[in-house]
1. Filter the stretch 44-84 for residues that are touching an Asp or Glu at 6+ places or on another chain (Cβ under 8 Å), within 9 Å of ligand 1 (Cβ to nearest atom) and among the hydrophobic types (A, V, I, L, M, F, W, C) and give the result.
2. Do we have any residue at all in the stretch 191-201 that's away from ligand 2 (no atom under 16 Å from the Cβ), in contact with a Lys or Arg (Cβ under 7 Å, 6 or more places away or on another chain) and either under 29 Å from Pro243 (Cα atoms) or of a type in the set (A, V, I, L, M) (or both)?
3. Considering only the stretch 22-40, I want to know if a residue exists there that is surrounded by fewer than 19 Cβ atoms within 10 Å (Cβ to Cβ), under 19 Å from the mean Cα position of the chain (by Cα) and within 19 Å of Phe224 (Cα to Cα).
4. Does Ile132 fit the bill of being within 22 Å of Glu201 (Cα to Cα), of a type in the set (Val, Ile, Thr) and within 22 Å of the chain's Cα centre (by Cα)?
5. Scan the stretch 64-88 for residues that are modelled with pLDDT of 90 or more and of a type in the set (Ser, Thr, Tyr) and jot them down.
6. Restricting the search to the stretch 19-55, which residues are assigned to a strand (DSSP E or B) and within 23 Å of Glu237 (Cβ to Cβ)?
7. Grab the strands (runs of 3 or more DSSP E) fully contained in the stretch 135-232, keeping just those with 3 or more residues being modelled with pLDDT of 95 or more and more than 26 Å from Gln249 (Cβ to Cβ).
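The values are calculated or read from the model by the stated rules, or taken from the named source; none is laboratory data. The shown structure was predicted, so the numbers you read here are calculated from the model rather than taken from an experiment. With ideal geometry, Cβ positions are generated from the backbone for all residues, glycine too; neighbour counts draw on all protein chains shown.
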Amino acid sequence: MAHPVTGSTTAPVAVPAIEVRELCKTYGSNDVLKGIDFHVDQGEVVCVIGPSGSGKSTLLRCVNRLEEPTSGVIMVEGIDITDSETDLDAIRTRIGIVFQQFNLFPHLTVLQNLTLAQRRAKKRGKREAAEIARRNLEKVGLAEKADAFPAQLSGGQQQRVAIARALSMDPDMMLFDEPTSALDPELVGDVLGVMKQLASEGMTMMVVTHEMGFAREVGDRVVFMDGGVVVEQGVPEDVLGDPQHERTQSFLSKVL
Ligand code: ADP
Ligand code: MG
């Protein structure tokens, strides 16, 4: 159908969820990010892989300004978050983040962990926040754990609670930084299963991970970083199955 105003018959081009241009980050004399170009389209799942110390977490943390970029541009849904005029709090509510450590409040129940930020940042009432929390607990398969304390849960369950907590803020996108790296191997599958389900529902996701099976199966694109640069990126079959760069080949030979 033609656009009523412009008459255009082509679909509007959505802005990328995340767009990073020439991002540099320096700690003292340590150049951690050396001109990163990176993007995640809306609805896309991008897996970021690479050796320890290559700058993956720093890149992820720059995306919601947990780290201050040294130079470069970071756009979130078309808004320049490096602009000092930008309302960072408003941007941050659109971005859910899940870390390796679950960071749940130990003295609060699961339900309270899920309602706290909703009530503070989203100004939701007690009943509405609890309703949304229970819906998201159900989604991650933990409806029956609402009244448990974090210490009563396994690591995998705690991480699923952390995902449900992030989802309860209605984010437009989710960033994961090695969400399964702290888990016992037998608990990894449930967390990856929740993430896979999220992806299938169309969630925009940036996933830093060492889980190559997940990257291959769920990722729309895989980005390989090494030494603060993006060495290679593309569809999983290419980057994981037929890497072009020696550094990618060397990394994959160690982890696959
Ligand atoms: P990755 O997540 O790929 O393992 P990081 O982004 O955590 O890599 O770290 C990249 C480099 O930046 C490492 O050399 C690390 O020591 C350094 N680094 C990370 N955070 C800080 C910090 N807050 N202060 C100083 N150096 C840091
Ligand atoms: Mg890291």
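1. Result: Leu60, single match.
2. yes
3. The answer is yes; a qualifying residue exists.
4. Yes, satisfied.
5. Passing the criteria: Thr70, Ser71, Thr82, Thr86.
6. Listed by number, the residues that qualify are Asp37, Phe38, His39, Val40, Val45, Val46, Cys47, Val48, Ile49.
7. Where strands (runs of 3 or more DSSP E) fall fully within the stretch 135-232 and carry at least 3 residues being modelled with pLDDT of 95 or more and more than 26 Å from Gln249 (Cβ to Cβ), they are 173-177.
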